[in-house]
1. Give 44/70; 165/223; 165/230; 43/70; 10/122 a once-over and call out the pairs whose C-alpha atoms are over 22 Å from each other.
2. Give or take rounding to whole Å, what are the principal axis extents of the alpha carbon atoms in region 1-81, in descending order?
3. Can you compute the modelled spin-label distance between residue 202 and residue 125, with each label point 7 Å from Cα toward Cβ, in nm?
4. Could you compute the net charge surrounding residue 248? Neighbours are other residues with a C-beta less than 11 Å from the C-beta of residue 248; K and R count +1, D and E count -1.
5. Take the Cα radius of gyration of region 124-176 and divide it by 2.2 N^0.38 Å, with N its residue count; two decimals is plenty.
6. For region 209-275, compute Rh as the Kirkwood radius over C-alpha pairs and then the Stokes-Einstein diffusion coefficient at 4 °C and 1.567 mPa s; write the answer in µm²/s, rounded to an integer.
7. So what is the orientation-averaged projected area of region 1-42, using the convex hull of its C-alpha atoms, in nm²?
8. On a C-alpha basis, how far is the centre of region 219-237 from the centre of region 20-79 in Å? Whole number, if you could?
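Just so it is clear, none of the values below were taken in a lab; they were calculated from the coordinates. All values reported here derive from a predicted model rather than from experimental measurement. Don't worry about glycine lacking a Cβ; one is built from the backbone with ideal geometry, like all the others, and counts go over all protein chains shown.
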Amino acid sequence: MCQINMRQLKIINALIEQKSAVSAAKELNISPSSISYALNQLKKQTGQVLFLRTRQGLRPTEYAVKLQEKYAEIAEINAEKSEFVIATYSLIEMLLADHLHPKTDSLMHFTVMGSTEEERLKKLKHREVDIDIGGRLPDDRAIVCKRLVISDICTLANRDHPRIKDSILLDDWNEYEFINWQRGLDSIRGFVEQIDYDLFMQRKVVWTSPNLLSLAWHCAISKYLMVVPKVFLAPLQKRFPLQGCQLPEHFNMSFDCFIHYHQAMEKNISMLALDRILDTLTIQHP
């Protein structure tokens, strides 16, 4: 299906409902000549006949009916939603709750993020998920992708750790045991693409979990270390006795987080102002 804008779809919908160009023009508060012009443009764009003239009025072709279904689908998405399905990391879920709870009456239903890029993209396109916040997904014409935050990486440790203070050395990296924020390989590429992959993976990992909050709690009551985006450090320190330490000097890792949603949901996303959630937390590279 070629690129057809919402105004054109709206005209097709009105013509099918009113069965008359004059009535459709009144319904849309435009002139009948605007209707005729739009139909001619659509015929050039699609190469399809959209309506047949009968004694009972305009009769839509099968192609026009499909366009009306598309209009109904987009109109439903654009309507003010009362419920949003959001797939994201546990800590971002917590930050979203803090941001959205006093500002919206909509129901926020959080769900587990897909383990692969393909699964996440499929859920967005099939409307199983309204908003996906995580690592960047492959480009898709139907899906809007905006960077939400970019952050350096730090090591998380117990605030009263007997040896770790402010920074860790390469010897510490090789000696101490780590707990690992487990996600798909796709989502850690930003961590490891700027350093030797074997160096990153040679840590002694004793515990893995996709739940960042439970890992942070475990880090706070043990001697285990944990690699996390620095953007999450302040909110974690408000809840747990933790310290953030610089990585070994030659480590250069970053974390990017993106918000994804279907292009037809732009109005709803703007209403939620999700792009402002991490404004006070964002740590940009120098």
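1. Checking Cα-Cα distances, 10/122 exceed 22 Å.
2. Per principal axis, max minus min of the Cα coordinates gives 40, 27, 21 Å.
3. Computed distance between label sites residue 202 and residue 125 equals 4.1 nm.
4. Net local charge, residue 248 excluded: -3.
5. 1.92
6. D, rounded to a whole number, is 88 µm²/s.
7. One quarter of the hull surface, i.e. the mean projection, equals 2.7 nm².
8. If we compute the Cα centre of each part, the gap is 57 Å.
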